[in-house]
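Heads up: the structure comes next, in structure tokens.
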Amino acid sequence: MRGLKIHIIIIAFVTTVAVAVGGNFFSYQYRVVKPLMTSITAIPGVTDASVQNGTARHRDIVVSLQPKVNRAVSAYLLVEQLARQNLGTAFGEIKVNDNRDESLETIFYKMHFHLQQAIATGMFTQMEESINAIARQEALQDHQVIVEQERVIICLSKGEHMLFTVMPRFSTNIGQQTVERRAVSLW
């Protein structure tokens, strides 16, 4: 034990850990994040993208989309597909930076009652009629509502502004059973 210099051992240990952690970080950035960002920014309709740390060691993708409804929705779906393929279980969610204004927020507020009612009841054809009526009344430039198994995607456009949001179709836990709210076909 004589001649051991504890401070040198501690410095060597800390340096080794720092190099290992730093190397892992930079390796992940160049193997996964950089190619993913290159692929995402090449998607038509995506104007900017970044990766952020989300919750519980998940990575979130933050994107800015062009205010063209059809292009924005298809770009969102492609970004999600690429993120799932490249990040796997580390994928958290996609956050869309839209440039909504007060007018679009007011229109969405009028629509959200119909959206929530359709999510709760599964009556999406009535929702579509109501949403289209509000869009005509408010002279929306364009709008799109996509209903999927687990979510509803809404994109509204008026002038140079766009509102983009995703509303989950929740499942409710009752005791040990899970009851999912889904549209039921009677035919």
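The values are calculated or read from the model by the stated rules, or taken from the named source; none is laboratory data. Note that the structure is predicted; figures quoted are calculated from it, not measured. Cβ: placed from backbone, ideal geometry, glycine included. Neighbour counts: every protein chain shown.
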Long-range neighbours under 6 Å by Cβ, at least six apart or interchain, first residue in contact (Cβ under 8 Å) with a residue 12 or more places away in the chain within the stretch 98-118, second among the polar types (S, T, N, Q): H114/S130
Some residue of the stretch 73-83 being at positive phi, surrounded by 14 or more Cβ atoms within 10 Å (Cβ to Cβ) and either out of contact with any strand residue (DSSP E or B) (no Cβ under 7 Å at 6 or more places or on another chain) or of a type outside the set (F, W, Y) (or both): no
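If you check R57, R100, R151, R136, which single one turns out to be under 30 Å from Y30 (Cα atoms) and basic (K, R)?
Exactly one residue qualifies, and that residue is R57.
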Residue list for the stretch 62-72, filter: among the β-branched types (V, I, T) and surrounded by 17 or more Cβ atoms within 10 Å (Cβ to Cβ): V63, V69
Count of residues meeting criterion [more than 17 Å from V166 (Cβ to Cβ) and either buried (at least 18 other Cβ atoms within 10 Å of the Cβ) or among the acidic types (D, E) (or both)] in the stretch 108-129: 2
Filter result for the condition that a residue is in the same structural domain as P168 (by TED's automatic domain parsing) and touching a strand residue (DSSP E or B) at 6+ places or on another chain (Cβ under 7 Å), over L87, L65, L104: L104
Filtered residue count, the stretch 151-182, keeping only those that are modelled with pLDDT under 90, in contact with a strand residue (DSSP E or B) (Cβ under 8 Å, 6 or more places away or on another chain) and within 14 Å of A120 (Cα to Cα): 6
All helices (runs of 4 or more DSSP H) inside the stretch 26-121 with 3 or more residues being among the hydrophobic types (A, V, I, L, M, F, W, C) and modelled with pLDDT of 90 or more: 69-87, 102-121
Number of positions in the stretch 34-51 that are surrounded by fewer than 18 Cβ atoms within 10 Å (Cβ to Cβ) and over 15 Å from N86 (Cβ atoms): 3
